[in-house]
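Read the figures in this text as sums done on the coordinates, not as results from a lab. Just so you know, these numbers come straight off a predicted model, no measurement behind them. Here the Cβ positions follow ideal geometry from the backbone for every residue, glycine too, while neighbour counts run over all protein chains shown.
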Amino acid sequence: MIMQVRGVNSARVVFEGDNITEIHVLADATRSPKQVVRDVESAVAVKFGIALDHRLISVVQLGEDEPLINPVQRMQLKGISYAVKDRSLEVNATIAIDSSNYTAAAAALNIKKNRLKLVAEATLAAIETYLGKGPKFVVNDVQKIIFGGQEVILFSASLNQHSYEETLLGTALVKGDELESVARATLDAVNRRLFLIKEC
C-alpha cells in the first residue's frame, strides 16, 4: 500500500509484535521527503486506522538520473555442479557479483523431492557468503509448474534480517537444465530486494 504513494519506489516496514517500529521508504526526487512522509502517514491512517509517529518514517531519495538498482549490483549465476556419494546428493552453486565469485554447497538424501530444494539452498548459501553475517534465508517452497504452455520454476523463501521477516518470490523459465532454472529463480527473488537488503 505504501508503494502506491506517489513518488515511492520501494518500502519496508519493520514490526515488533503487532507494532510498527520503522518504515523505510525509497523515493524518487519528484517530491520532498516531508511530502512523502505526510502521505505515508495519511495512507496508513486511512487504510489501517493507525496513527504513525512521523519519526518512524525514513525517506531516502534517488536523483532523477540514478537507477533504482545498479545493473552491476545484480547477482549472476556462474554455475551449478552436483555429485552423488553413497545415498547423498551434494549441490555446489557459484554466483558472481562485483567481479567476484561466491560458492557454497548443500547436501541431503538423494531423493527426487530434495533435488530442487537443495539447489535453492546452495544458491542461498552462496548469497549469504556474499552478504555476510546479517541476512539469513530459509527455503519455503520450490515447484515446477506448466504456465502458458511452458515449464516454470516458482520459488519462495523467507528472509530474516534485524528481527524483520519478509517473504521473497522468484520465477524462471526452464530452458534446458531445470536445476539451473531453480538457481535462477532463487537469484530472481533476492535480486528484486538486493538494494534494500544491502542498505539495511
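For segment 66-139, the relative contact order works out to 24 percent when only alpha carbon pairs closer than 8 Å and six or more residues apart are counted. The long axis of helix 33-48 is offset from the longest Cα principal axis of the chain by roughly 80 degrees. How big is the gap, in Å, between the Cα center of segment 151-190 and the Cα center of segment 74-139? Using only Cα atoms, the two centres lie 12 Å from each other.
Taken about its Cα centre, segment 71-199 carries a charge dipole of about 140 debye when Lys and Arg each add +1 at the Cβ and Asp and Glu each add -1 at the Cβ.
Measure nothing but the geometry: give the 0 to 90° angle between the long axis through the Cα atoms of 178-191 and the longest principal axis through the Cα atoms of the chain, rounded to 10°. That works out to roughly 20 degrees. The lysines whose alpha-carbon is closer than 24 Å to the alpha-carbon of residue 133, local same-chain residues fewer than 8 away aside, are 78, 117, 198. Taking a quarter of the surface of the Cα convex hull of segment 85-200 gives a mean projected area of 7.8 nm². From helices alone, the chain scores -9000 deg cm²/dmol at 222 nm; the rule is -39500 (n - 2.57) for each run of n ≥ 4 DSSP H residues, then divide by the residue total. So I have [x] 59, 45, 33; [y] 51, 33, 31; [z] 60, 39, 37, and one of them is Cα extents along the principal axes in Å calculated from this model. Which one is it? Label of the calculated value: [z].
Counting only residues at least eight positions apart within a chain, or on another chain, the lysines with an alpha carbon under 16 Å from that of residue 112 are 85, 144.
A full extension of the chain between residue 16 and residue 175 corresponds to an added length of 53.0 nm, given 0.36 nm per residue minus the alpha carbon distance.
The radius of gyration of the Cα set in segment 2-61, together with its Dmax, comes out at 10.7, 34 angstrom. Normalised by the number of residues in the chain, the average gap of Cα pairs under 8 Å and 6 or more apart makes the relative contact order 13 percent.
For segment 113-200, calculate the relative contact order in percent as a whole number, restricting contacts to Cα pairs under 8 Å that are 6 or more residues apart.
25
For the chain, the longest principal axis of the Cα atoms and the long axis of helix 112-131 meet at an angle of about 50 degrees. Ordering 170, 84, 124 by Cα displacement along the dipole of segment 32-184 toward the positive end leaves 84 in first place; charges were set at the Cβ atoms of Lys, Arg (+1) and Asp, Glu (-1).
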